[in-house]
Amino acid sequence: MGKGCRTVNLEAGMPTADLAVRRLTYEIASTRGMGFDGLKIIHGYGSSGKGGRIRVEARGYLARQLSLKKIKAFVPGEEFSIFDEGARKILAACPDLRKDNDLDRSNNGVTFILL
């Protein structure tokens, strides 16, 4: 049994989208190495309201990682609900997320990853 889920803020320091995705790569490996089952990333939704570049790039990267079977699942914050099958998988592996403020809040500035 793993340690649950940890949270990482990819927006910290206002990086470029490229640097944020590189950090995401590192954080996935690091989180897995620490024995956690899941990772919540904070990437923001874009101050322009058009869906920030970090969000778009991070989710594109996660989709590629999923297709390569390097992660088990990911769920955008706006879909992170007890009614979403992917979210239920993440919640089963990371029960601590049942108390997360973003559960059922439709927050498109976060994404949840099942490692």
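The values are calculated or read from the model by the stated rules, or taken from the named source; none is laboratory data. On a predicted model such as this, the values are computed, not experimentally measured, just so you know. With ideal geometry, Cβ positions are generated from the backbone for all residues, glycine too; neighbour counts draw on all protein chains shown.
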query = Can you find even one residue in the stretch 59-67 that is crowded, with 16+ Cβ neighbours inside 10 Å, polar (S, T, N, Q), closer than 18 Å to C5 by Cβ and in contact with a Gly (Cβ under 9 Å, 6 or more places away or on another chain)?
reply = no
key: Filter result for the condition that a residue is in contact with a helix residue (DSSP H, G or I) (Cβ under 7 Å, 6 or more places away or on another chain), under 15 Å from T7 (Cα atoms) and at pLDDT below 95, over G38, G44   = G44
task = Can you work out which of the residues in the stretch 8-38 that are closer than 17 Å to K70 by Cβ and among the hydroxyl-bearing types (S, T, Y) is surrounded by the most Cβ atoms within 10 Å (Cβ to Cβ)?
result = T31
request  = Would you check if D100 is over 16 Å from R6 (Cβ atoms), over 11 Å from the mean Cα position of the chain (by Cα) and modelled with pLDDT of 95 or more?
outcome  = no
key: Every pair of residues 6+ apart whose Cβ atoms lie under 7 Å, when the first sits in the stretch 14-25 and is in contact (Cβ under 8 Å) with a residue 40 or more places away in the chain and closer than 17 Å to G109 by Cα while the second is among the acidic types (D, E) and assigned to a helix (DSSP H, G or I)   = A17/E57; V21/E57
task = Check the stretch 15-33 and report whether any residue there is over 14 Å from the mean Cα position of the chain (by Cα), of a type in the set (A, V, I, L, M), under 16 Å from L115 (Cα atoms) and at pLDDT 95 or above.
result = no
